[in-house]
Amino acid sequence: MKYLDIKKLTAGFAVLGCLVAGSASALTIDSPGVVGTIVVGEPASDANEAIWVNYLLSLGATTTSVANLGNPAANHTFTTGINDFNGTVSSASSLKDTTGNNSVPAGYDFVLAKYDGPHGGDVVFATGGAAFTLPTAGDDFFTSNLGLGLSHFVAYIDTSKTPPVPDGGSTVLLLGVGLSALALAHRKLS
């Protein structure tokens, strides 16, 4: 009889845990993985968005800066959260999705999500190369609360990472020569 009571109690806690976890899923600018925001992200173009992401990545944590960037140049407000991220992106190593899809595939380090509306803007996320699901609404990042929907996203590879240099076989060659020298020395001493 007590066994059934424990099962019911455990199930109740599991349901309560799911409800609490479900209500705490909103991301803010200070959430892990959020680089920061860009307001007003217009006019959006592949080249401008890469410039904006690079500028945001160059700022330190908890920084707000107004800069006149892009072509044509326009004032944008860049705000970073409590997390500090560094990197460099290029539109040449990017993936743009304008279908409304919010699933970013693995292999990309940073993602710019464009949220449209009268007071919309962009949010930049650091994914660390993992697949990522973007929020479909940007209201948690901007003060307008006007139902800002996801317009598009651009996923970028961090081009500042130095790719590993492949071994041309010299390590194996040196190991072989060293082992051969040891074998010859052992024969001579024996």
The range 74-190: strands (runs of 3 or more DSSP E) wholly inside it with 3 or more residues that are modelled with pLDDT under 90 and out of contact with any strand residue (DSSP E or B) (no Cβ under 8 Å at 6 or more places or on another chain) are none
Thr37 fails exactly one of (1) of a type in the set (S, T, N, Q); (2) surrounded by fewer than 17 Cβ atoms within 10 Å (Cβ to Cβ); (3) under 16 Å from Gly149 (Cα atoms), namely (2)
Item to complete: Considering every residue within the range 84-98, establish whether at least one is without any contact (Cβ under 8 Å) to a residue 60 or more places away in the chain, surrounded by fewer than 19 Cβ atoms within 10 Å (Cβ to Cβ), out of contact with any His (no Cβ under 7 Å at 6 or more places or on another chain) and more than 19 Å from Ala155 (Cβ to Cβ).
Response: yes
Quick count over the range 102-133, residues being within 10 Å of the chain's Cα centre (by Cα) and either crowded, with 19+ Cβ neighbours inside 10 Å or under 13 Å from Glu49 (Cβ atoms) (or both), is 11
Filtering the range 36-64 for residues that are in a strand (DSSP E or B) and in contact with a Leu (Cβ under 6 Å, 6 or more places away or on another chain) leaves a count of 1
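The values are calculated or read from the model by the stated rules, or taken from the named source; none is laboratory data. Please read all numbers here as calculations on a predicted model, not as lab measurements. Ideal geometry is used to build each Cβ from the backbone, glycine not excepted, and the neighbour counts take in all protein chains shown.
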